[in-house]
Amino acid sequence: MSPSTHNPIAELHNLAEHAHASAAAAHAKGDHLSAHELSKKALEYSQNAFRHSEQLVEQEKNDSRQTGS
């Protein structure tokens, strides 16, 4: 995976990590509604990062088949 395609995926993972940390902080403060919403956002970011990673793997497989590598 090239660095230019990896960066957006890494950013999604970073967003997920931040949302998880924020959710934990909100939960610790007793703000369970915010914690729940932040946890849902973290899951969404994580799933998007996974989907983008899978798409890139498939794209690279197809590209290597076309070039005969």
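The values are calculated or read from the model by the stated rules, or taken from the named source; none is laboratory data. Here the structure is a predicted model, which means the values were calculated and not measured. Neighbour counts run over all protein chains shown; Cβ positions are idealised from the backbone, glycine included.
Data table
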| item | result |
| --- | --- |
| Failed criterion for Gly30 (all others in (1) in a helix (DSSP H, G or I); (2) at pLDDT 90 or above; (3) of a type in the set (Gly, Ala, Ser) hold) | (1) |
| The range 41-59 - residue that is of a type in the set (A, V, I, L, M) and under 23 Å from Ala21 (Cα atoms) and, of those, surrounded by the fewest Cβ atoms within 10 Å (Cβ to Cβ) | Leu43 |
| Selection within the range 33-69 - of a type in the set (Gly, Ala, Ser) and either over 16 Å from Asn7 (Cα atoms) or at pLDDT 95 or above (or both) | Ser34, Ala35, Ser39, Ala42, Ser64, Gly68, Ser69 |
| Sole exception among (1) surrounded by 12 or more Cβ atoms within 10 Å (Cβ to Cβ); (2) within 21 Å of Pro8 (Cβ to Cβ); (3) among the polar types (S, T, N, Q) for Asn62, by number | (1) |
